[in-house]
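Each remark here refers to the structure printed beneath this line.
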Amino acid sequence: MSKSENNLKEAFAGESQANRRYLAFAKQADKEGYPQAAKLFRAAAEAETVHAHAHLRTLGGVNSTADNLKEAVAGETHEFKNMYPAMIEEAKEEGNKAAERSFTYANAVEEVHAGLYQKTLDSLDSPVDVDCYYVCSICGYTIADTAPEKCPVCGAVAKAFMKVD
């Protein structure tokens, strides 16, 4: 792999992380009553997304929808079968309950995501009509069409779910 390819991968990771960080900062600024700072963080987050997408396209990382779904299934499956179980065990060994909970929630949800991606891939040529998705704001649990009364992963109530069109 060339230096430019390595640099593109590093830049993609950095820009992606900056996007998520700035969105978290925007939520905090809103919570503290600083709407102008929140707007700036959201604008910068969008700019970081533009950069990340450009780097990913340059790397050839955006393919057909079918190929992208296959990659998503593989990535999510790796996370819930390999990555998060090891992280959960390490957090337990360290007695870090907050990290253990964060990893456990993510692990459960990544398995759900893998299933949703696989279902979509399997029905790509005759898609199942989904009006929208709901995402739990506590753990990330994702479900089609209707938020549950109680999140099956973290126990959050229905109002904790965000609608995603």
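Only the coordinates and a few stated rules stand behind these numbers; no lab work does. Just so we're clear, the structure is a prediction, and the values are computed from it rather than from any experiment. Here the Cβ positions follow ideal geometry from the backbone for every residue, glycine too, while neighbour counts run over all protein chains shown.
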> Per the Debye formula with a single identical scatterer at each Cα and no solvent contribution, what log10 I(q)/I(0) holds for segment 63-128 at q = 0.15, 0.18 Å⁻¹?
Replying inline: -0.52, -0.65
>> Report the gain in length on full extension from Lys31 to Lys3: 0.36 nm times residue separation, minus Cα-Cα distance, nm rounded to one decimal.
In response: 5.9 nm
>> Quick check on segment 90-159: take the gyration tensor over C-alpha atoms, sort the square-rooted eigenvalues as a ≥ b ≥ c, and tell me if it's rounded (a/c under 1.5), prolate or oblate.
In response: oblate
>> Eigenvalues of the Cα gyration tensor times 5, then square-rooted: what semi-axes does that give for the chain, in whole angstrom, largest first?
In response: 25, 24, 20
>> Can you compute the FRET efficiency between Lys159 and Ala98 using 1/(1 + (r/R0)^6), with r the Cβ-Cβ distance and R0 = 22 Å? Round to the nearest 0.05.
In response: 0.40
> What net charge is computed for the residues neighbouring Gly155, neighbours being all others with C-beta under 14 Å from the C-beta of Gly155, Lys and Arg scored +1, Asp and Glu -1?
Replying inline: +2
> If you take the Cα Rg of segment 3-58 and divide it by 2.2 N^0.38 Å, with N the number of residues, what do you get?
Replying inline: 1.28
>> With n ≥ 4 as the cut-off for DSSP H runs, can you work out [θ] at 222 nm for the chain, using -39500 (n - 2.57) per run divided by the number of residues, rounded to the nearest 500?
In response: -22000 deg cm²/dmol
> Plugging the Kirkwood radius over Cα pairs into Stokes-Einstein for segment 7-102, at a temperature of 25 °C and a viscosity of 0.890 mPa s, what D comes out in µm²/s?
Replying inline: 155
>> Below 14 Å, Cα to Cα, which aspartates and glutamates can Lys81 reach? Residues fewer than 8 away in the same chain don't count.
In response: Glu89, Glu110, Glu111
>> I'd like the Karplus ³J(HN,Hα) series for segment 65-70: coefficients 6.51, -1.76, 1.60, θ = phi - 60°, whole numbers in Hz, and an x wherever there's a Gly or Pro.
In response: 4, 4, 5, 5, 5, 4
> In terms of modelled amide H atoms, which long-range or inter-chain residues lie less than 5 Å from the amide H of Phe161?
Replying inline: Ser137
> If amide H atoms are built 1.01 Å from N in the plane of the peptide, which residues on other chains or at least 5 residues away come under 5 Å of the amide H of Tyr141?
Replying inline: Cys136
